[in-house]
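Worksheet: the structure to be examined is printed underneath.
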Amino acid sequence: MVGRLLRYVCIFVVVAFVGEVAAKSVFPMPQLDAVCTRTVVRKDIVTLAPAELERFIRTVKEMHRRGWMDGFGSMHNHISHQIHGNEHFFAWHRRFLRHFEMLMQEIDPEAILPYWNWATHWQNPLTDPVLSSAYFGGNGRPSDNCVVDGAEERWGRNYPKRNCLTRKYRYGTSTGAFWPMRAVRDVMNTAVTHAQFRSRIENGPHGIVHLGLGGDFETMWAPVDVLFFMHHAMLDKVWAEWQSRDQIRFHSVDGYDASRQPVMAKSLMPFYGEEVGTALLTNGPGYCYIYDDLPAPVVVNPKRAARVAFNAELNTTSAEYYRPLAPPLMPAVAAGHIIPTVPARFVKPAGKALFAKEESPESALIEDFAPPPPLNESWMAKMNVDVEEAERMNRFVNNVVAQINSERRQGSNADAQDQN
Ligand SMILES: [Cu+2]
């Protein structure tokens, strides 16, 4: 009964969405190819050669001109509750990114979606070239939050209503910190199930970037901004890296969908109606891409992979699929979802110098990195966010940043002593 009801709801959503976009412009929904005729490499946008960057920007400007960005924003908004806060998140967004890339290639067959590595400038995103006028521009202007620099300079949108493309940094002129790669890696190292991994990434680094940029970027029509696709390509890469650590992750998922039905490889992705299992390999049929700093996923027969995994347990020397992992920083989470309560951030002792007198005064010049702030409540409610998980992830990333700060202080003391 619930299933039937849900099917009608889905049909209604699809009809409403198609009707809305069709009324304004044609939004193409190409089928995935059955085979890969080539496999392309998605790169970090800041490593693109000038001609590659120019090609990318020219292509997305044409997509915008054709009204396709509105189509992506509308589509994402209509089914948002089905694709966030549950196990469709990663596979569905991978399919959505491929949809975007296929439309890019309809305009220019050589165009490839790059990713935005927000971890590179996690501590101060204002210094990130991607948010500069040479790439995709920064904050919206104060008067109306319109983006007025970069590739999307003075872009308009027609969805959800006619307006300029907006960004409104979370703290006025700053976004707040994002996640350092070390924290992302720790999640990769410690999350065992798809559900654990998805929940930690979605409620952690994924959310903090959406909220930090603000404006359209913190809404469910965020795909009207091309930066959305580069942000999610980064998340897709992180997922691909986590998958590559265990063959079985190329073949199966776990957890539940929005209506608490199990999500399996055979489950159908919202809207696209294709099996989740078809989206588990970046270089699988219809997807046909890899990431620049990850090895191409090798398709192994799942039964054989299971056998190898079993053998690996018997004989650790044949454990070819189990690379040794860095010591986890959050073992308690892996074991049972509880993070020990530790001071959330490094606090300078009030009224005291940061370092004792015998320490080098140079070291006191090093300012601590600030950790990413917590997600805010109204956004979490809108995004279907798991509030407890978001709080856990905030405590977790605070601990990682505290550790980075303490290493920097130690390193700087050691440097100072070397010079003495
Ligand atoms: Cu999304």
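No lab work stands behind these numbers, since they all come straight from the coordinates. All values derive from a computational prediction rather than experimental measurement. No Cβ is skipped: glycine too gets one built from the backbone with ideal geometry, and neighbour counts run over all protein chains shown.
Annotation: Cα Rg of segment 28-307 relative to the compact-globule expectation 2.2 N^0.38 Å equals 0.96.
May I ask you to sort I248, I83, I290 by Cβ crowding, counting other Cβ atoms within 10 Å and putting the fewest first?
So the ranking, lowest neighbour count to highest, is I248, I290, I83.
Each Lys and Arg contributes +1 and each Asp and Glu -1, all at the Cβ; summed about the Cα centre of segment 31-84, the dipole is approximately 120 debye. Of K237/K266; K266/K382; K168/K382; K61/K266; K61/K168, which pairs sit farther than 25 Å apart, going by alpha carbon to alpha carbon? Pairs exceeding 25 Å: K266/K382; K61/K266. Over the Cα atoms of segment 158-311, each weighted equally, I'd like the Debye log10 I(q)/I(0) at q = 0.11, 0.12, 0.17, 0.20 Å⁻¹, rounded to two decimals. With one equal scatterer per Cα and no solvent, log10 I(q)/I(0) is -0.53, -0.62, -1.16, -1.42. Viscosity 1.567 mPa s, temperature 4 °C: Stokes-Einstein D of segment 211-291 from its Kirkwood Cα radius, in µm² per second? The estimated diffusion coefficient comes to 90 µm²/s. Less than 5 angstrom separates the built amide H of C146 from those of R141, all sequence-distant by 5 or more or on a different chain. Of all the C-alpha pairs in segment 115-164, what % are more than 19 Å from each other? Summing the P(r) of segment 115-164 above 19 Å gives 34 percent of all pairs. The relative contact order of segment 76-181, computed from alpha carbon pairs under 8 Å that lie at least 6 residues apart in sequence, is 21 percent. For segment 382-395, backbone phi angles converted through the Karplus equation (6.51, -1.76, 1.60; θ = phi - 60°) give residue-by-residue couplings of 5, 8, 6, 7, 6, 4, 5, 5, 4, 5, 4, 5, 5, 4 Hz, Gly and Pro being listed as x.
Exposure proxy for C146, C36: other Cβ atoms within 10 Å of each Cβ, ordered fewest to most, give C36, C146.
Exposure proxy check: R94, R409 ranked by fewest other beta carbons within 10 Å?
So the residues, fewest neighbours to most, are R409, R94.
Computed from Cα atoms alone, the Kirkwood hydrodynamic radius reported for segment 39-180 is 16.5 Å.
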